[in-house]
1. Residue by residue through segment 164-197, note down the ones that are within 30 Å of VAL70 (Cα to Cα), assigned to a loop (DSSP other than H, G, I, E, B) and free of Cβ contacts under 8 Å to residues at least 40 places away in the same chain.
2. Taking TRP156, is it in contact with a Phe, Trp or Tyr (Cβ under 8 Å, 6 or more places away or on another chain) and within 20 Å of ALA48 (Cβ to Cβ)?
3. Test ALA101 against the stated conditions and say whether it is more than 10 Å from the chain's Cα centre (by Cα), modelled with pLDDT of 95 or more and either of a type in the set (A, V, I, L, M, F, W, C) or closer than 16 Å to PHE7 by Cα (or both).
4. Inside segment 1-56, can you point out the residues that are surrounded by fewer than 22 Cβ atoms within 10 Å (Cβ to Cβ), among the charged types (D, E, K, R) and farther than 18 Å from SER103 by Cβ?
5. So THR80 clears everything in (1) in contact (Cβ under 8 Å) with a residue 40 or more places away in the chain; (2) within 28 Å of ASP144 (Cβ to Cβ); (3) exposed (fewer than 13 other Cβ atoms within 10 Å of the Cβ); (4) β-branched (Val, Ile, Thr) except one condition, right? Which one?
6. Does segment 103-123 contain any residue that is farther than 30 Å from THR26 by Cβ, free of Cβ contacts under 8 Å to residues at least 24 places away in the same chain and touching a Cys at 6+ places or on another chain (Cβ under 8 Å)?
7. Please enumerate the residues belonging to segment 64-91 that are under 23 Å from SER122 (Cα atoms) and in a helix (DSSP H, G or I).
Amino acid sequence: MGTTIVFDRPDGKTVSGYLAEPAQATGAPALVVIQEWWGLNDQIRGVADRLANAGYRALVPDLYRGKSTVEAEEAHHLMTGLNFGDAASQDIRGAVQFLKARSAKVGVTGFCMGGALTLLASCMAPEIDAAVVWYGCPPLEYIDASKIKAPLLAHWATQDEFFPPALVEQLQEKLGGAGVDFEFHRYLAHHAFANETAVGPGRIPATQYDAVWSERAWDRTFRFFGRRLG
């Protein structure tokens, strides 16, 4: 459904991405979709395709510049090699600006590492109109909550070993103290509960797909973006 495109970053450099267009592209709202630590793989392309089927123009920036993996060790290596500040302020903001030239309203959503980057981008890209975070958060000292002007929705797993409930509570206090418009939902689930590939022998032990909670979270996501982006 989608195609590979190239767009400009604010600093003038270029980055490629996967763009999925809805059947009715004229006047469609848009979303930047941010990958998990695996890279721009078929699963995250599928998320963009799902959003396009729901009427959104969806763009996944290629943060790893063509690299992706199914191995947790290599994914960790790729993620630790990523400059998060540059990815948020340049790659993701560039994607938002690219979409803003085509859509009146642009949201951002991301999963795991992409959830953390969604929060950072919300601080660094004032063009964002709404954001949905899926079970990911950067170190709290990197979040300048006073800069977040877009409304936030976030989905958290109560059995998440990577982003435990105590961290989510601290993030909630930080956002509340800065007057951010946010809404948190918690699910009796493990990390990556919305990733349909987090099943079977190949998955990381601390991750587990949950079809029921995934659908509930997606319903809330579509309602939120429907209200905020039109």
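1. Passing the criteria: PRO164, LEU188, ALA189, HIS190.
2. Answer is no for this residue.
3. It is true that ALA101 is more than 10 Å from the chain's Cα centre (by Cα), modelled with pLDDT of 95 or more and either of a type in the set (A, V, I, L, M, F, W, C) or closer than 16 Å to PHE7 by Cα (or both).
4. ARG9, ASP11, LYS13, ASP42, ARG45
5. Here THR80 clears every test but (1).
6. As a first pass, look at segment 103-123 and keep what is farther than 30 Å from THR26 by Cβ: 112-113, 115-116, 119-120, 123.
Retained after the next criterion (residues that are free of Cβ contacts under 8 Å to residues at least 24 places away in the same chain): none.
No, segment 103-123 contains no residue that is farther than 30 Å from THR26 by Cβ, free of Cβ contacts under 8 Å to residues at least 24 places away in the same chain and touching a Cys at 6+ places or on another chain (Cβ under 8 Å).
7. If the condition is that a residue be under 23 Å from SER122 (Cα atoms) and in a helix (DSSP H, G or I), then LEU78, MET79, THR80, PHE84, GLY85, ASP86, ALA87, ALA88, SER89, GLN90, ASP91 are the ones that fit.
The values are calculated or read from the model by the stated rules, or taken from the named source; none is laboratory data. Values in this document were obtained by computation on a predicted structure and should not be read as measured data. No Cβ is skipped: glycine too gets one built from the backbone with ideal geometry, and neighbour counts run over all protein chains shown.
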